[in-house]
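Bear in mind these aren't lab numbers, they're just calculated from the coordinates by the rules spelled out. The shown structure was predicted, so the numbers you read here are calculated from the model rather than taken from an experiment. Cβ placement follows ideal geometry from the backbone for every residue including glycine, while neighbour counts extend to all protein chains displayed.
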Amino acid sequence: MVETCSATPPRVVRRPDPAQWELDELMTLPEAVALFWPDGPLTVRSLRTAIRDRRLPVSVVAGKHLVTKRALAEMSACTFLKGPAPALLTESPVPTGVAAPAGESYRRLMRAVGKG
């Protein structure tokens with residue numbers, strides 16, 4: 001099942017540039033997805049999974065899950081995997097000395113938090 005959003009959240013319509021949002025300003029999960037990953041790869045479900053797995057800090061107010069740009073940037077930081085490499089990574093490795101290109105959504109997020 002593919003998650004779809006029928007409309008861009010109103011606050012994202014008014015401020016579509018991540019730089020217009022404060023580093024610690026609370027936003028809903030649909031706002032975060034629309035702001036940083038409008039074309040994927042992350043969805044609201046992805047963020048809920050990250051919250052469940054304790055990879056994404058969250059504030060719950062009145063039953064709503066709220067996140068910040070700072071929390072999203074920390075969640076998005078690449079880290080070394082523990083244990084053996086997954087088969088997906090070992091089947092087609094990036095050649096030695098060649099950096100894997102960062103996705104546009106990651107670059108956008110890093111620019112928004114002043115790290116890019």
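Sort 36-42, 78-84, 65-71 by packing, meaning the average of other beta carbons within 10 Å per residue, with the highest value first. Walk me through the intermediate numbers first.
On the way: 36-42: 14.4, 78-84: 6.6, 65-71: 19.4.
Averaged packing, sorted descending, gives the order 65-71, 36-42, 78-84.
Excluding residues on the same chain fewer than 8 positions from Lys115, give the lysines whose Cα lies under 27 Å from its Cα.
The reachable lysines, counting only those whose Cα sits under 27 Å from Lys115, are Lys69, Lys82.
Each residue of region 39-45 in turn: what ³J(HN,Hα) in whole Hz from Karplus with 6.51, -1.76, 1.60 and θ = phi - 60°, glycine and Pro shown as x?
Coupling constants for region 39-45: 10, x, x, 8, 10, 4, 4 Hz.
Would you mind putting 16-22, 109-115 in packing order, based on average other-beta-carbon counts within 10 Å, highest first?
On the way: 16-22: 13.7, 109-115: 15.9.
My ranking of the peptides, most packed first, is 109-115, 16-22.
Could you pull out the trypsin sites (Lys or Arg not before Pro) across region 3-55 that fall in loop regions by DSSP (anything but H, G, I, E, B) with no more than 16 other Cβ atoms inside 10 Å? Before the final figure, lay out each step's value.
Details: sites: Arg11, Arg14, Arg45, Arg48, Arg52, Arg54, Arg55; in loops: Arg54, Arg55.
Here the sparse-neighbourhood loop sites are Arg54, Arg55.
Taking 0.36 nm per residue of separation and subtracting the Cα-Cα distance, what length does fully extending Val61 through Ala19 add? Write down the numbers at each step before the final one.
On the way: separation 42, 0.36 × 42 = 15.12 nm, distance 2.43 nm.
Roughly 12.7 nm would be gained on extension.
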